[in-house]
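The values are calculated or read from the model by the stated rules, or taken from the named source; none is laboratory data. Only a predicted model underlies this, so the values are computations on that prediction, with no experimental measurement involved. Heads up, the Cβs are rebuilt from the backbone with ideal geometry, glycines too, and the neighbour counts pull from every protein chain shown.
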Amino acid sequence: MKAPFWALLAVGCAAPAVQTVCEEGGLLAEDGRCYDIVDDSAAPEPEDRGEDGGEGEDGGEGQTSTLPQLEADALRAAWDGPALVAALESAAAVGLPTPFGLTTAYAELMAQGDSRCPANPYELDGRFLRGCTADSGAFYSGVSTWIPVHRRTEFEFGVNGDFMMFDRDGRRLEVGGGVGWQAESREAPVMKFGMYVTAVWEGDPGPLHDGLSASLNGILTRGSGRQALEVDGSVAFAGYAFAFRRAGFATDCVGGSGSLELRDPSLGWHRLDFGSTCTPCGTWSFEGAEMGELCVDLSPMIQTYSDAWSTL
């Protein structure tokens with residue numbers, strides 16, 4: 001049987017202890033006694049050194065300690081119902097971050113390079129880990145992979161890597177991780193996407209300008225004059241931190257479906273459960289305590305994806 005991956009990581013981290021097998025078939029311990037390999041009930045009890053742990057004021061060798069028992073007051077939400085609705089609708093108005101802004105910015109900045117720097121017109125291939133400056137004034141450092149070079153379908157885009165660039169105007173694009181999306185064609189009714197990235201793009205007028213962090217995937221569908229978005233994962237942007245579980249938004253839906261969580265300024269989490277179909281109101285809880293029903297307009301949440309798909 002193959003060793004698990006985490007076990008392979010530990011190989012070579014520490015030298016194994018030398019064990020001696022005694023005549024009875026057990027293991028010979030340092031005290032000269034033989035202990036059964038399977039049944040360790042014969043093992044001696046640890047020596048009682050008292051509450052202070054033995055030698056010295058601080059216990060000394062052989063000290064047995066326990067973790068401190070911490071007590072904390074239950075979190076109290078800073079946002080009441082109206083304030084939470086205002087925060088949710090403010091975040092929805094900003095729009096859920098998409099992978100399209102990053103891939104567009106990457107392509108634009110790579111086009112400012114030349115045959116000397118970064119030499120490869122599509123990817124940062126590791127030749128300039130410490131950076132280089134093109135004749136245009138654009139700066140490049142790190143490594144990247146541009147998905148269209150390796151794509152499996154006609155309409156598949158994305159970028160991943162660990163890199164930092166500055167365009168000719170000095171605006172920074174910094175990416176750690178990757179984003180991408182894929183559809184069978186430009187006119188396809190379904191698009192899948194993923195964002196596993198921490199990124200900043202100072203040329204972006206939206207949430208990318210101040211940075212975002214996402215571990216998010218989803219599906220965008222369209223047809224019969226309607227677009228719908230379903231997302232799973234988490235994302236932090238524009239001062240908000242969200243977690244989604246099969247959360248759904250649609251152009252013909254005021255509220256949502258599935259569930260979402262939004263972090264309160266107290267660092268606790270508000271949760272809204274809408275159920276399996278789109279409804280304008282959901283069951284609101286804070287840190288597991290039910291707070292009642294909350295109605296909120298989340299229809300703008302899909303707009304960033306709807307707008308981007310229509311212009312790709």
Please work out which residue is farthest from ALA236 (Cα to Cα), limiting yourself to region 65-95 and to residues that are hydrophobic (A, V, I, L, M, F, W, C) and modelled with pLDDT under 90. LEU67
Unique residue being part of a loop (DSSP other than H, G, I, E, B), more than 21 Å from LEU208 (Cβ to Cβ), in contact (Cβ under 8 Å) with a residue 40 or more places away in the chain and touching a strand residue (DSSP E or B) at 6+ places or on another chain (Cβ under 8 Å) when the list is ARG186, ARG116, ARG130: ARG186
Can you find, within region 140-163, the residue that is modelled with the lowest pLDDT among those that are in contact with a Lys or Arg (Cβ under 9 Å, 6 or more places away or on another chain) and either aromatic (Phe, Trp, Tyr) or closer than 16 Å to VAL179 by Cβ (or both)? PHE155
Scanning region 133-170 residue by residue, the ones that are surrounded by fewer than 19 Cβ atoms within 10 Å (Cβ to Cβ), out of contact with any strand residue (DSSP E or B) (no Cβ under 6 Å at 6 or more places or on another chain) and among the charged types (D, E, K, R) total 5
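One line per residue, one yes/no per condition, for (1) farther than 17 Å from ALA92 by Cα; (2) surrounded by fewer than 20 Cβ atoms within 10 Å (Cβ to Cβ); (3) touching a His at 6+ places or on another chain (Cβ under 8 Å); (4) of a type in the set (Asp, Glu):
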{"site": "PRO205", "(1), (2), (3), (4)": "no, yes, no, no"}
{"site": "ILE219", "(1), (2), (3), (4)": "yes, yes, no, no"}
{"site": "CYS253", "(1), (2), (3), (4)": "no, no, no, no"}
{"site": "SER276", "(1), (2), (3), (4)": "yes, yes, no, no"}
{"site": "GLY292", "(1), (2), (3), (4)": "yes, yes, no, no"}
{"site": "THR311", "(1), (2), (3), (4)": "yes, yes, no, no"}
Regarding region 134-144, can at least one residue be identified that is assigned to a strand (DSSP E or B), within 24 Å of the chain's Cα centre (by Cα) and farther than 23 Å from SER215 by Cβ? yes
When you check LEU229 against the structure, is it under 25 Å from SER136 (Cβ atoms) and in contact (Cβ under 8 Å) with a residue 60 or more places away in the chain, yes or no? no
Do you know which residues across region 205-257 are aromatic (Phe, Trp, Tyr) and touching a Pro at 6+ places or on another chain (Cβ under 7 Å)? PHE237
Return yes or no: is PHE139 in contact (Cβ under 8 Å) with a residue 24 or more places away in the chain and more than 30 Å from GLY218 (Cα to Cα)? yes
Going by the structure shown, is LEU220 in contact (Cβ under 8 Å) with a residue 60 or more places away in the chain and outside any loop (DSSP other than H, G, I, E, B)? yes
Hey, among the residues in region 255-274 that are touching a residue at least 40 places away in the same chain (Cβ under 8 Å) and surrounded by fewer than 20 Cβ atoms within 10 Å (Cβ to Cβ), which one's farthest from PHE155 (Cα to Cα)? SER266
Could you check how many residues of region 292-312 are among the acidic types (Asp, Glu) and not in a strand (DSSP E or B)? 2
If I go through region 215-241 residue by residue, how many of them are more than 13 Å from the chain's Cα centre (by Cα) and of a type in the set (Phe, Trp, Tyr)? 1
Cβ contacts < 6 Å: first residue over 22 Å from GLN227 (Cβ atoms), restricted to region 277-298; second residue polar (S, T, N, Q) and in a strand (DSSP E or B), any location; separation 6+ or different chain. Result? MET291/SER285
